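No lab work stands behind these numbers, since they all come straight from the coordinates. Note that the coordinates shown come from a computational prediction; the quantities given were computed from them, not determined experimentally. Please note: Cβ atoms are built from the backbone with ideal geometry, for glycine as well, and neighbour counts cover all protein chains shown.
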Amino acid sequence: MMWLKAWKQNKENSLDQIALERLPRHVAIIMDGNGRWAKKRGLPRSMGHRAGVEALRKIVKTCSNLGIKVLTVYAFSTENWSRPKDEVGVLMTLLTEYLRKELQELHHNNVVIRAIGGISALPSEAQKELENSIKRTQNNTGLILNIALNYGGRSEIIDAVKKISNEVLNQKQKIEDINEKCISDALFTKGLPDPDLMIRTSGEMRLSNFLLWQLAYTEIVVTEELWPDFGEKSLLNAIKAYQQRDRRFGGIHTD
């Protein structure tokens, strides 16, 4: 693939830092700090969001080249609608531009585009580009780029409860048979493994209503870097930190 060939030729890759046989299957990222990045430079917040798109482009390429299976990025939360109208407009425009400009390259590099959240509430142009991108890449077999848009973890769980309740009412599901798999299958992330690693930039120590069910046993790495400054080296460092963790999933190791 085009990305991989160029990446292998780059002598500066720090792959000696990580064990390629123990990569996280699913990486989730809260892309935080665009506004603060712009403010530090005396720029409008819109420029911070544009710089954030460039950071995303680099991280998608790196995840694809590493062979990571799923990358879920928190692009727009249900709470983000409360931001100034102009800023919301910029974010939606950037989404549309990103999909329109990057689709050909993403498709050429075997990336699958998916989305989770209340997509029907997005502006029609953004919906159109998203639907086109999903359809165009649906048969690809590489990295799944899972974009969380108008997404909230609590609203996702509420939606799942409604689905399961409706199945019970219609006698398609028995209450006593409801288990973790049943709930997982009712979530937006059905069919995807739970994240192994969740990264949050900008130093904030909270989940911000992101993948509340799915992050139950996820390893979390918080970095002080603002999202536009987060690059390949930053991702490799986060993966290195992940690989140093002892994942017990509530149990203990006896060795």
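Counting Lys and Arg as +1 and Asp and Glu as -1 over every other residue whose Cβ lies under 15 Å from the Cβ of residue 149, the net charge comes to -4. The residue list 134, 244, 216 was ranked by how far each Cα lies along the charge dipole of segment 112-255 toward its positive end, using unit charges on Cβ atoms, and 134 comes out on top. Pairs 61/240; 85/240; 135/163; 61/135; 162/240; 163/240: which are spaced more than 30 Å apart, C-alpha to C-alpha? Too far apart for the 30 Å limit: 85/240; 162/240; 163/240. Taking a ≥ b ≥ c as the square roots of the eigenvalues of the Cα gyration tensor, an a/c ratio of 1.5 or more together with a/b no larger than b/c marks segment 74-174 as oblate. When DSSP assigns beta bridges and you keep just the ones with both residues in the chain, what percent turn out antiparallel, to the nearest 5? Among the beta bridges of the chain, antiparallel pairing accounts for roughly 0 percent.
Oblate is the label for segment 98-255, because the ratio a/c of its alpha-carbon gyration tensor axes (a ≥ b ≥ c) is 1.5 or higher and a/b is not greater than b/c. Computed from phi, the 3J(HN,Hα) profile of segment 94-107 under the Karplus parametrisation 6.51, -1.76, 1.60 (θ = phi - 60°) reads 5, 4, 4, 5, 4, 5, 5, 7, 9, 4, 4, 5, 4, 5 Hz, with x in place of Gly and Pro. Pairwise Cα separations in segment 146-190 fall into 10 Å bins from 0 onward with the following percentages, short to long: 27, 53, 18, 3.
Springs join every pair of Cα atoms under 10 Å in this Gaussian network model of the chain, and among 71, 106, 212 the largest mean-square fluctuation is at 212.
The phi torsions of segment 124-135, fed into the Karplus equation with coefficients 6.51, -1.76 and 1.60 and a -60° offset, translate into couplings of 4, 5, 5, 4, 4, 5, 5, 4, 5, 5, 5, 5 Hz, rounded to whole numbers, with Gly and Pro shown as x. Amide H contacts for residue 198 (H built 1.01 Å from N in the peptide plane; partners 5 or more residues away or on another chain; cut-off under 5 Å): 28, 219, 220, 221. For residue 150, nonlocal amide neighbours, meaning residues 5 or more places apart or on other chains whose placed amide H falls under 5 Å from its own, are 76, 77.
Taking the Cα centre of the chain as origin and charging only Cβ (+1 Lys, Arg; -1 Asp, Glu), how large is the dipole, in debye to the nearest 20?
Numbers: 37 positive and 31 negative charges, 100 e Å.
Dipole magnitude for the chain comes out near 480 debye.
Going from the residue with the fewest nearby Cβ atoms within 10 Å to the one with the most, 134, 59 rank 134, 59.
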